[in-house]
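Scroll down for the structure; my scribbles are underneath it.
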Amino acid sequence: MKKPSVLLTWVTSIAITLSACAPGSGDSTVSLNDDSSGVINGTKVTARRDDGSRGVVLFLPVNSLGMTVGICTATLLSNHSFLTAAHCFDKKKSPTLSRFKIVFANEKGLFNPREHTRSGSQIVIHPEFRYSKVGILNDMAIGFFAGGIPAGFEPIEIERDQNRNYQNQFLNIYGYGKTKDSAEIFAIGYGSAGELHKAVVKVNGGYGLMQDRYAILSNGNTQFICSGDSGSGQFINVNGVPRLIGVTSFVTGEKKFAGHVTCTKGRSTAMKVSYFAKWIDEVHEEARL
């Protein structure tokens, strides 16, 4: 996997890291690092339940040589589609990306049964996805695959009401990212990444401040989101039914030794699903034509 370059734009020694082990970075205006951590202090998932976890899958971008070059998390929207972060499959940053696959399992494993893996047929990146001085904008992508979904998994309902305010609500978040807040580098087997973990976090960063995103501050939470968790769904229970309200995008934290950006002292940013609901519908409608 290509090591993301460290950029020269710093503001009060705070850096921004992609929550994924992304395929690479080049000329963005933020510092993108792939050496942060995953669901820290989270609970290892051993069974799928009615809390959003039945819609969570592992997303693996693959290059032209057939090598997996990153790790992200995604949420099922239908029996043939899912939602994840656009930067997980950014061909401008990593031109060798050629395809992707998703894995229906609680851990990556080297030999997951074929029935637990699906090859992707198409991925649609939000047309206004880009990097900026304040982070990543419109960091959403929809992927399609054939073969349906195995037993025990199910699509998740999305939030459509942009007027709902989830400030101070607790969310379930699932990710396959690393579990150590260290400068551990993704290697063969992805180090501590690749196993699904759950975090329960409080939305405490001002949910209503921006129409397209919200933040979760580390201060006031004991479980944290970071590298490998990009694209992960953020779920809330509505009348006993899990609802997808956010997609994990990036983490802002203090830069440590060797370029490591801590995820336990900063904030994570998620894209608001309600803001993108119309686009999600349009992409699915076009796919049916």
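The values are calculated or read from the model by the stated rules, or taken from the named source; none is laboratory data. Model, not experiment: these values are computed from the prediction. Quick reminder, even Gly has a Cβ in these numbers, built from the backbone with ideal geometry, and neighbours come from all protein chains shown. Keep in mind that these areas ignore ligands, DNA and RNA; they rest on the heavy atoms of the full protein, side chains included. Shrake-Rupley method; radii C 1.70, N 1.55, O 1.52, S 1.80 Å.
If you go through the range 150-177 one residue at a time, how many are over 19 Å from Asn79 (Cβ atoms) and in a loop (DSSP other than H, G, I, E, B)? The qualifying residues number 13. Within the range 257-283, the residues that satisfy the criterion of being open to solvent by 30 Å² or more (accessible area, probe 1.4 Å) and modelled with pLDDT of 95 or more are Tyr275, Lys278, Trp279, Asp281, Glu282.
Looking at the range 40-149, the strands (runs of 3 or more DSSP E) lying wholly inside it that each contain 1 or more residues that are open to solvent by 50 Å² or more (accessible area, probe 1.4 Å) sit at 97-103, 117-125, 130-132. Here the condition is being in a strand (DSSP E or B), farther than 20 Å from Ile158 by Cβ and at pLDDT below 90; of Glu184, Glu254, it holds for Glu254 alone. Report yes if Ala199 is touching a Ser or Thr at 6+ places or on another chain (Cβ under 9 Å), farther than 26 Å from Arg48 by Cβ, modelled with pLDDT of 70 or more and not in a loop (DSSP other than H, G, I, E, B), otherwise no. Considered against the rule, which asks whether it is touching a Ser or Thr at 6+ places or on another chain (Cβ under 9 Å), farther than 26 Å from Arg48 by Cβ, modelled with pLDDT of 70 or more and not in a loop (DSSP other than H, G, I, E, B), Ala199 comes out as no.
Residue under question is Ser98, and the condition is that it be free of Cβ contacts under 8 Å to residues at least 40 places away in the same chain, out of contact with any Phe, Trp or Tyr (no Cβ under 9 Å at 6 or more places or on another chain) and more than 27 Å from Ser274 (Cα to Cα); does it hold?
It is true that Ser98 is free of Cβ contacts under 8 Å to residues at least 40 places away in the same chain, out of contact with any Phe, Trp or Tyr (no Cβ under 9 Å at 6 or more places or on another chain) and more than 27 Å from Ser274 (Cα to Cα).
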